[in-house]
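The values are calculated or read from the model by the stated rules, or taken from the named source; none is laboratory data. Just so it is clear, the structure is predicted and the values come from calculations on it, not from any experiment. For neighbour counting, all protein chains shown are included, and Cβ atoms are generated from backbone atoms with ideal geometry for every residue, glycine included.
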Amino acid sequence: MVKQQVESTANGKIRCDACPVMCYIADGRAGACDRYANVGGDLIRVDPLTIIENTISEGGNIVPFLARPDEAEWDGDLVQSTKRFVTAVGAGTTYPDYKPAPFIVSQKENGVDMVTVVTEGIFSYCGAKVKIDTDRFLGPETSAIRVDGETVGHVTTGEYGSQMLSLGGVHHLTGGSKKEGRVTCDTLLKLCNGEAVDMQVDGGVSLTVKAGAAPVINGAAESRMRVGCGSATIGMFAKQWMGHVDEVVVVDDHITGVLSEHQAGKLLDVPPTGIRIKGRRSTPGRYFQVAEPGIGWGGTNIADPLTILSEFDPKTAWPGMRMLMVSTTGEQYAYYVLDENLRPEIQTVLPAAIQESVEIIAENCEPALSSVMFIGGAGGSLRAGVTTNPVRLTRSVKEALTYVSCGGAPAYVWPGGGITVMADVTQMPANSFGYVPTPALVAPIEFTMRLEDYRALGGHMEAVVPIEEALAVAERRVSPMGGSPWPTEGRNFRWGG
Ligand code: SF4
């Protein structure tokens, strides 16, 4: 474990200065965040410094790294598989920021002298964007999301087949009550470390969210992400219904599709059926607002799909007309035949071809997951631990001279000012995140660049050490997570030479 420099003691306690809390810690005890402890007078970062290797996975399997295009393919020879990347997980934090980051390590990569600056950043400005693969209605947009009764974020604009949550952020961490800040920080910590969190949406559902796992909505695990909107579903499967059914309605809260009116039906010469759909017609065969949003058919509030139909047009419809109604996941479906009065009569047995088409819709749905993206701003004082001239780091990142990663996971760097990064928490080593009671989240961040570029941007050259010094204290070795590429193979890094 990494030993920190102790700068002051009082009454036999040592002072941790890794964050503004400045805990005095007695021998054998840990500080307020449980990240640092006093072990026989030494200030120790409790969690092990973690490195990524391309040799042996945590499960003991040999894992080949992804070779760069200009390198020979790895042939299984362990002698070749010695790439190592020092992550910031367990590295510690320096405070105030003008001190060099805890590890600034140099190593040769592809014949180039490289340097990686690692630090566990303290992020008061951070949060999580959560994508929940479901078309069920979680609650009105902008509704508050609560954990233990405290507001920790809100429902934001939905995306294609997924609902989105925006959690955390400086207003909930520091702008509300002390409890709100503490609960928000705890929620982010758990989500980012891959733990399940129960939450409640105001005017909506109860949710259990865990990164990489199926969301649980009102106590039921979601299984399928819809294949597309109702119109897309018509477009994808129209041909398969030909000759087996006269009309298909794909019920969807966003865009309900109607085969006979849809362009796909027109091109396939499907005749008009006299169907009348409630809701707002957008373009032919595409209807908005056929019902209220909910957790029923296709993310609407309906349990009976016939409620979205008005009476069939008697001039066009005919007795015996066959109609399939199906949701965008294929979870709900019903097959009808019009009676003498042009009223749909439900059929208990579906023709085999229709049954098969419903199964194909279901088969084309991907498993519903919750995805958690950590988002944090490293554009502030954290940069001073990297360089004496912080704005040069920002420029270097923007110019793709410096590659940013979080616990070795590729970090998307937002355009515009500052260094606002976003990373998939499932690509980071387990327990990558910590907290301090200010409150703020502690997240690993690494900056990798060529040594000559580091010098040019005013880096702490006096603090650069060979990677072996970090390896000597590293106690945890992991493989690249979730099939992610080797850390420095990121897209926003430009190899020199
Ligand atoms: S809260 Fe943690 S990091 Fe901050 S001073 Fe205390 S022990 Fe150190």
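Between ASN11, ASN38, ASN54, the distinction of being surrounded by fewer than 13 Cβ atoms within 10 Å (Cβ to Cβ) and not small (Gly, Ala, Ser) belongs to ASN11 only. Taking the listed residues GLN200, GLN289, the one that is farther than 16 Å from MET325 by Cβ and free of Cβ contacts under 8 Å to residues at least 12 places away in the same chain is GLN289, with no other qualifying.
Can you name the residue in segment 21-36 that is near the ligand (Cβ under 6 Å from one of its atoms) and part of a loop (DSSP other than H, G, I, E, B) and is also nearest to THR438 (Cα to Cα) among such residues? Among those residues, the one meeting the criterion is VAL21.
Being at pLDDT below 95, more than 11 Å from the ligand (Cβ to nearest atom) and outside any loop (DSSP other than H, G, I, E, B) is not true of ILE44. Tallying residues that are within 18 Å of MET236 (Cβ to Cβ), buried (at least 20 other Cβ atoms within 10 Å of the Cβ) and of a type in the set (Val, Ile, Thr) within segment 260-301 yields 1. Tell me, yes or no, whether segment 348-355 has at least one residue that is within 30 Å of VAL170 (Cα to Cα), of a type in the set (A, V, I, L, M), in contact with a helix residue (DSSP H, G or I) (Cβ under 8 Å, 6 or more places away or on another chain) and at pLDDT below 95. Looking for residues that are within 30 Å of VAL170 (Cα to Cα), of a type in the set (A, V, I, L, M), in contact with a helix residue (DSSP H, G or I) (Cβ under 8 Å, 6 or more places away or on another chain) and at pLDDT below 95, one finds none in segment 348-355, hence no.
Every residue in segment 433-450 that is within 16 Å of the ligand (Cβ to nearest atom) and under 13 Å from ILE52 (Cβ atoms), please. Within segment 433-450, PRO444 is the sole residue that qualifies. Filtering ILE56, ILE14 for residues that are at pLDDT below 95, on the phi < 0 side of the Ramachandran plot and more than 33 Å from the chain's Cα centre (by Cα) leaves a single hit, ILE14. Within segment 187-207, is even one residue in contact with a Phe, Trp or Tyr (Cβ under 9 Å, 6 or more places away or on another chain), in a helix (DSSP H, G or I) and either acidic (Asp, Glu) or over 18 Å from LYS129 (Cα atoms) (or both)? Within segment 187-207 (the criterion being in contact with a Phe, Trp or Tyr (Cβ under 9 Å, 6 or more places away or on another chain), in a helix (DSSP H, G or I) and either acidic (Asp, Glu) or over 18 Å from LYS129 (Cα atoms) (or both)), the answer is no, since none of the residues qualifies.
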